[in-house]
Every structure is written in structure tokens, then in C-alpha cells.
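The values are calculated or read from the model by the stated rules, or taken from the named source; none is laboratory data. Just so it is clear, the model here is predicted, and its values are computed rather than measured. In this analysis, Cβ positions are derived from the backbone assuming ideal geometry, glycine residues included, and neighbour counts consider all displayed protein chains.
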Amino acid sequence: MSEALLAVEAAATDTTVPAASGARQFWRRLRTQRAALVAAGVVALLVLVALAAPLLTALEGQDPTTYHPSLVDSARGGVPIGSLGGASADHWFGVEPQTGRDLFARLVHGARVSLGVALAATVVQVAIGTTVGVAAALGKRWVDQLLSRFTDVMVAMPLMIMSLALLAIVPPSFPRPVLVALVVGLIGWGNIARIVRAQTLTLKELDHVAAARLSGWGTWSIARRELLPGVAAPIITYAALLVPTNITVEAALSFLGVGVKPPTPSWGQMLTAADVWYQAAPQYLLLPAGALFITVLALTVLGDGVRTALDPRAASRLRIGTGRRRESKADAGGTA
């Protein structure tokens, strides 16, 4: 993540203002990256599964909260009866040890929680970080100093430790997925504020911003019409890299017992008890861990592809490298 942050901060110093055809250029560059396209397809499939979770579980005929005590062997401590953890036509991935809850239903509903919490936390981080970054860059010197020092404090603050502390003192009656999204979002916006501030300081010195200021536009009108379009690229890039990080944080918090609470399913929560049952029912560990790994990997690859597609200098380096390879092949062919 540190290398990605350095790449995004470097891109933030680019003074190029996106043209009207920026979307077409972005898509053209993204299409050249097969790994990013595959990752985008995987992410789209995961989002579709999360949105269609009630339909999929209805098709199976199960739900994520119903207990099936007849499908576990109480004499052996609650081990699922049958091979592959009790997998059958009625329970596609088997059942959960002790409770007998359907694993497929809990897995697809857990995708809704994990992806939903990560996306909501990312939206909160982007909203706060963008507001603070623009305000610091456009405000007076003391405002800039105050907001910058506050941002430094937030960046230095350990996210997991603060999240654990805040989640532990909030009453259990508060909806846990909403609470996790808010806590992660309210703590983790510091880096995006730095990126937005650096880009805004560069853009506000350009001629079109000076012309808007001389025309009598207000500060926030200039920010909304002239500056925010210019900082959109680094914001989108870093937001794409924040989502997998937030998924990992949510899973870790649920694994530690302060995140999403039962009976609401979550991948991190499913991993909490998996270490006790992985020998008797290995899919109880492998399914949520595999889903988490694939999701984080796909989002990371997609985020890196978005960063490359939005950074013209990266695309230029790619073209230069391709041209050199072609020249070297042509020289080799001519020599032969």
C-alpha cells in the first residue's frame, strides 16, 4: 500500500487537466491491461453475487440464520454429518459445525456485509479527506497549518487499535455494519486528504483558476467547478486501493470479535471459529478465507490498473517501452 500511495502522490503533482474525452482515453488504456480487465470481471461477479444473495439462497432453499441441529453430530461435538461437511443438494457447500447453518447462504450474505462495509467506509474516507484537503489548500495559512497538523495526527493514528477501542465502547444495540463503516471511515481519511491538498495547491496556480478568481467567482465555486475535476483522477485511484484495505480491516475486526456480531454473517466472523473446526470441516475455513483472498486480490489488481490508466506518464512509459521492444526486434530481424 505504501508503494501505491507514493504512486498516487506522484500522479497528484501532474498539472494535466482531464479533457472531455478523458473517459474514452481511460477506457482505451485500461483495455490494454488484461489483468485489470480480469480483475474487473471478478469484482463485478462478486458484487452481483452480493446483490443477488437473497435470490441465490432462495434458489437453494436455505437462509443464513436457520439452525439445522439434525445435520450435525452432537455426540462428536457438533461435527457436520456426511462427507464434505454435509454438502448435499439442499446444502451446496455443507453446513456450519455445531449450528448446522447453511454455509453457502452465510458466504453469499457475508459478501454483502464485507463489500458493503468496505464501500461505505471508502465513501466516508473520500468525503472527509476531499473536504479537508481542499479546505487546507484554499484556506488561510493558519487554516492550512491547523488542518495539516490534524491530518498528520490522523495518519499517525493506528487504525486497528483505535477501531478496537471505539467499537468496544459503543452499545451493542447500534447496527454493527454501520458502526464499523463509520469508525473505519472516520479514522482512515488522512492519506487521501494529503493527496487532495497537494493536487489542489498545484491546480490553484493554473491560469484558468486565476481567470475564474478574477471573474469574481467565490472560493467554493472555484473549488467545485475548476479544482474538483482536476483532483478526480488521484481520488478515484486511491479510493480503488482503499476498498481492499477496508475489506481486510472489517474482516480483522470481526475476527477479533468487535466487528459484525452474530447472527449477521461476515467473512471475518466466519473465520473466528474456523480454527477450531478446520480439521473436521475444512471448507468452513477455506471458503471465507478463499473468498476474502480473491476479493482483495482482484480489487488490488483493479486499483493498480486504474492508477496506470489514469496516469498519462505511466501510459507514456508503457508506449516507450513497447516501442523500444519493437525497435529491438526489428534490428534483430534486419541483422539476421
Please determine, by comparing only the residues of the range 109-124 that are among the β-branched types (Val, Ile, Thr) and buried (at least 23 other Cβ atoms within 10 Å of the Cβ), which one is farthest from the chain's Cα centre (by Cα).
-> Val113
State all residues of the range 73-98 that are in a strand (DSSP E or B) and under 36 Å from the mean Cα position of the chain (by Cα); if no residue qualifies, say none.
-> Val79, Pro80, Val95
Residue in the range 211-244 that is modelled with the highest pLDDT, counting only those that are among the polar types (S, T, N, Q) and closer than 17 Å to Ala136 by Cα | Ser221
Considering only the range 213-229, state which residues are under 26 Å from the mean Cα position of the chain (by Cα) and surrounded by fewer than 16 Cβ atoms within 10 Å (Cβ to Cβ).
-> Arg224, Pro229
Matching residues in the range 125-156 (among the polar types (S, T, N, Q), surrounded by fewer than 20 Cβ atoms within 10 Å (Cβ to Cβ) and under 25 Å from Val180 (Cβ atoms)) number 1
Can we say Leu285 is touching a Phe, Trp or Tyr at 6+ places or on another chain (Cβ under 8 Å), within 16 Å of Val113 (Cα to Cα) and assigned to a helix (DSSP H, G or I)?
-> no
Output yes when any residue across the range 73-88 is surrounded by fewer than 20 Cβ atoms within 10 Å (Cβ to Cβ), farther than 25 Å from Leu179 by Cα, in contact with an Asp or Glu (Cβ under 6 Å, 6 or more places away or on another chain) and touching a residue at least 12 places away in the same chain (Cβ under 8 Å), and no when none is.
-> yes
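Listed here are the residues, each with its yes/no results for (1) farther than 22 Å from Trp267 by Cα; (2) not polar (S, T, N, Q).
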residue: Ala53; (1), (2): no, yes
residue: Pro64; (1), (2): no, yes
residue: Ser70; (1), (2): yes, no
residue: Gly82; (1), (2): yes, yes
Considering residues of the range 147-176 that are in contact (Cβ under 8 Å) with a residue 60 or more places away in the chain and assigned to a helix (DSSP H, G or I) only, the residue farthest from the chain's Cα centre (by Cα) = Ala168
Does the range 167-180 hold any residues that are of a type in the set (A, V, I, L, M, F, W, C) and surrounded by fewer than 17 Cβ atoms within 10 Å (Cβ to Cβ), and which are they?
-> Ala168, Ile169, Val170, Phe174, Val178
Can you find even one residue in the range 196-212 that is crowded, with 16+ Cβ neighbours inside 10 Å, touching a Leu at 6+ places or on another chain (Cβ under 6 Å) and under 24 Å from Leu119 (Cβ atoms)?
-> no
Give the residues of the range 88-100 that are closer than 18 Å to Ala289 by Cα and either in contact with a Leu (Cβ under 9 Å, 6 or more places away or on another chain) or among the basic types (Lys, Arg) (or both), sorted by residue number.
-> Trp92, Phe93, Gly94, Val95, Glu96
Filter pass, Ala50 being more than 27 Å from Leu115 (Cβ to Cβ) and either outside any loop (DSSP other than H, G, I, E, B) or of a type in the set (Ser, Thr, Tyr) (or both) = no
Checked Ala232, Ala240 against criteria (crowded, with 16+ Cβ neighbours inside 10 Å and either of a type in the set (Gly, Ala, Ser) or more than 25 Å from His109 (Cα to Cα) (or both)); the one match is Ala240
